[in-house]
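Before any comments, here is the structure.
The values are calculated or read from the model by the stated rules, or taken from the named source; none is laboratory data. Keep in mind the model is a prediction, meaning the values are calculated, not measured. Neighbour counts run over all protein chains shown; Cβ positions are idealised from the backbone, glycine included.
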Amino acid sequence: MGFPDIRMRRLRTSATMRRMVRETALSVDDFIYPLFVRAGTGLKKPIPSMTDCFHVSPDRMADEAAEAADLGIPAVLLFGLPAHKDEKGSEAWAENGVVQEAIRQIKKRTPDLLVVTDVCLCEYTSTGHCGVIENGKVENDVTLELLAKMALSHAQAGADIVAPSDMMDGRVRVIRQALECNGFDNVAILAYAAKFASAFYGPFRDAAESAPAFGDRKSYQMDPANAREALREIALDIEEGADLVMVKPALSYLDILRRARDRFDCPLAAYNVSGEYMMLNAAADAGLIDRDACMMEILTSIKRAGADIILTYFAKKAARLLRS
Ligand code: PBG
C-alpha cells in the first residue's frame, strides 16, 4: 500500500490533529535554570556575555529563585563567583561561601524549589583550572578530596542535588562516600558524566570568570569526536553512585543523548550551554531568525533526542511560553 491510500499529510491537517499525534511534549517540569551567585550585597548586574543573565549577590538570590519557582520550574543550578581565588580554590568549600549562603537564602524563601549546585573548582582557583595544579598538570587524585569537601559543604547548606562538572576520574565515588559518611544519604548526585572539551562554553567562562589562565581543559574534558567513550563515562558514573547523568553540551551531541537514553535507565540531563544560547540570541538580535520559535524547536529537539531534563538559560522564557 502506498499513495494515495497513504497520505502523511492527513495527520497534519489541523492544529488539533497535530497536537494529538505529537510525539514529544516539552514541559516546565523538564527545566533546570542556571544562576550566577557573585560575592557582594545588593547586587544584580547584567552579564555582558550572556543575554538576560545576571550576577546576583547571595542576599538577592532568593528573589531570582522565587521567580523561577513561581513559573513552575522545579530546580535552579548555582554557580559561584567568590570574592577571592587561590591555588586550591578554598572558597569553594567555605561555610559562608557565596553558593553556601545563596542556598540558605533560597531554601528559606522557597523550600520546595530544588537547589542543584555545580561542583567544580574552576571558578575558585587562581589558575582557572577545574583541579589543583602540580608540576604544571591538573592533579586528579589530590583534587578529589577538595571536590568532596565542596560537595559536602553544599549539602550542609541545604542543597538537594550536587552536580560535579570537573571531569576528574573517581569524583562521583568520593562525593557519594562523603555524603553517606556525614548523614546526607538523600542528597542526589547529578554527574556531568559526558562533558566535552567544547568551544561552546565561551560566554559562560566570561560570565563565571573561569577561563583557564594557561593551556586548556582537554586533559580532563572529553574529545568531541568520541561517542563510545562518552557511554563508558556515563556507565562509570552510574556505577560510582550518580543518580542522574548529564551530556554536555546538548546540540552537537544529540547522538550521544539518544545512545545514552537507549542504554541507561536513570534520568538523563542535557546542558544547553552558553554558546548555544548566545548563537541563537545573536542571530535573533540580528533579525535573522525568530527567537521564541527557534528556542522551542531547539529545546524540543533535545527532549526528542532523549533528555528527560534540560539545563537551559531559556528556562524562564520557555516556561512563560508553555503557559500561554
Ligand atoms: C565548570 C562549568 C563550565 C560550564 C558549566 N560548568 C565551564 C567549563 O567547563 O569550562 C559551562 C556552562 C555553559 O557554557 O553554559 N567547569
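Which ones in segment 142-162 are within 16 Å of the ligand (Cβ to nearest atom), farther than 30 Å from LYS108 by Cβ and of a type in the set (Val, Ile, Thr)? Within segment 142-162, THR143 is the sole residue that qualifies. Looking only at residues in segment 166-194 that are among the small types (Gly, Ala, Ser) and within 14 Å of the chain's Cα centre (by Cα), the one that is surrounded by the fewest Cβ atoms within 10 Å (Cβ to Cβ) is ALA194. Among the residues of segment 237-266, what is the count of those that are under 25 Å from PHE204 (Cα atoms) and of a type outside the set (A, V, I, L, M, F, W, C)? Of the residues in that region, 6 qualify. Scanning segment 233-263 for residues that are without any contact (Cβ under 8 Å) to a residue 60 or more places away in the chain, farther than 28 Å from MET279 by Cα and among the small types (Gly, Ala, Ser) yields one hit, ALA235. So, LEU114, is that one more than 16 Å from the ligand (Cβ to nearest atom) and at pLDDT 95 or above or not? Criteria met by LEU114.
Yes/no matrix, rows are residues, columns are (1) more than 30 Å from ALA284 (Cβ to Cβ); (2) within 16 Å of the ligand (Cβ to nearest atom); (3) among the basic types (Lys, Arg); (4) within 18 Å of the chain's Cα centre (by Cα):
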position	(1), (2), (3), (4)
ARG18	no, no, yes, no
TYR33	no, yes, no, yes
ARG38	no, yes, yes, yes
THR41	yes, no, no, no
LEU77	no, yes, no, yes
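Checking each residue in segment 195-244 for being within 16 Å of the ligand (Cβ to nearest atom), small (Gly, Ala, Ser), surrounded by 14 or more Cβ atoms within 10 Å (Cβ to Cβ) and assigned to a helix (DSSP H, G or I) picks out GLY202, ALA207, ALA208, ALA230. Candidates are the residues of segment 264-307 that are in contact (Cβ under 8 Å) with a residue 60 or more places away in the chain and polar (S, T, N, Q); the one that is farthest from THR51 (Cα to Cα) is THR300. Any chance you could count how many residues in segment 268-288 are of a type outside the set (D, E, K, R), loosely packed, with under 15 Cβ neighbours inside 10 Å and more than 16 Å from the ligand (Cβ to nearest atom)? Matching residues across segment 268-288 total 4.
There is at least one residue in segment 29-50 that is assigned to a helix (DSSP H, G or I) and touching a residue at least 24 places away in the same chain (Cβ under 8 Å).
Assessment of segment 169-190 against the conditions (within 13 Å of the ligand (Cβ to nearest atom) and touching a Phe, Trp or Tyr at 6+ places or on another chain (Cβ under 7 Å)) yields no matching residue.
Pairs are defined by a Cβ separation below 8 Å, a sequence spacing of at least 6 or placement on different chains, a first member in segment 182-204 that is within 18 Å of ILE238 (Cβ to Cβ) and of a type outside the set (A, V, I, L, M), and a second member that is more than 16 Å from the ligand (Cβ to nearest atom) and modelled with pLDDT of 95 or more; the pairs so defined are ASP185/LEU179. Looking at (1) away from the ligand (no atom under 13 Å from the Cβ); (2) more than 17 Å from the chain's Cα centre (by Cα); (3) in contact (Cβ under 8 Å) with a residue 12 or more places away in the chain, which is the only condition GLU139 fails? Here GLU139 clears every test but (3). Within segment 245-264, if we keep just the residues that are part of a helix (DSSP H, G or I) and not aliphatic (A, V, I, L, M), the residue that is surrounded by the most Cβ atoms within 10 Å (Cβ to Cβ) turns out to be TYR253.
LYS44 fulfils the conditions (1) out of contact with any Lys or Arg (no Cβ under 6 Å at 6 or more places or on another chain); (2) closer than 30 Å to PRO212 by Cβ except for a single criterion, (1).
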